[in-house]
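Worksheet for the structure shown next.
The values are calculated or read from the model by the stated rules, or taken from the named source; none is laboratory data. Predicted model only: the values in this text are computed from it and were never measured. Because the Cβ atoms are built from the backbone with ideal geometry, glycine has one as well, and the counts that use them run over all protein chains shown.
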Amino acid sequence: MDRIQDVLASFPGQAQASGTGMARAAQMLSRPDALMGGTQAPASFANVLVDAIQGVQQAQTEASAMQRAYQQGDPETGLEATMIAMNKASLSFQMLAQARNRVVAAYNEVMNMQV
């Protein structure tokens, strides 16, 4: 749990996100059996969550770097590629937020169960 909090604390507070980490998280959430690979032990929920958060952070960083390069007039950075990177970052952040909302809703449902 400390590892998750460390990753969350390392975020600079950007409002956008990545497609790579979120695509992986969405795939894992839709196919839990994909978490198990060959002879490896199944990944823990904390590790999957940390990987997804780090993927989102990486995409945000890449999109920010592309945006900065385009604004500074880098001839190798096109507007189209910059906009695509920014949209991927935004969508992946939204997917991470939805995953968090679903986890919180499931937790609340379990806590409201009568024993």
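Please count how many residues of the stretch 67-92 are under 21 Å from ALA52 (Cβ atoms) and crowded, with 17+ Cβ neighbours inside 10 Å.
Adding up the residues that qualify gives 7.
With respect to SER64, determine if the residue is surrounded by fewer than 18 Cβ atoms within 10 Å (Cβ to Cβ), modelled with pLDDT of 95 or more and of a type in the set (S, T, N, Q).
Numbers: surrounded by fewer than 18 Cβ atoms within 10 Å (Cβ to Cβ): yes; modelled with pLDDT of 95 or more: yes; of a type in the set (S, T, N, Q): yes.
When the stated conditions are applied, SER64 passes them.
Using the structure shown, decide if GLN98 is assigned to a helix (DSSP H, G or I), under 18 Å from the mean Cα position of the chain (by Cα) and either touching a residue at least 12 places away in the same chain (Cβ under 8 Å) or over 22 Å from VAL56 (Cα atoms) (or both).
So GLN98 does not fit the description; no.
Under 9 Å between Cβ atoms, which residue pairs at least 6 apart in sequence (or on different chains) link something in the stretch 46-65 that is in contact (Cβ under 8 Å) with a residue 12 or more places away in the chain and under 21 Å from LEU79 (Cα atoms) with a partner that is among the charged types (D, E, K, R) and part of a helix (DSSP H, G or I)?
Every condition considered, the pairs that remain are ALA59/LYS88; GLU62/LYS88; ALA63/LYS88.
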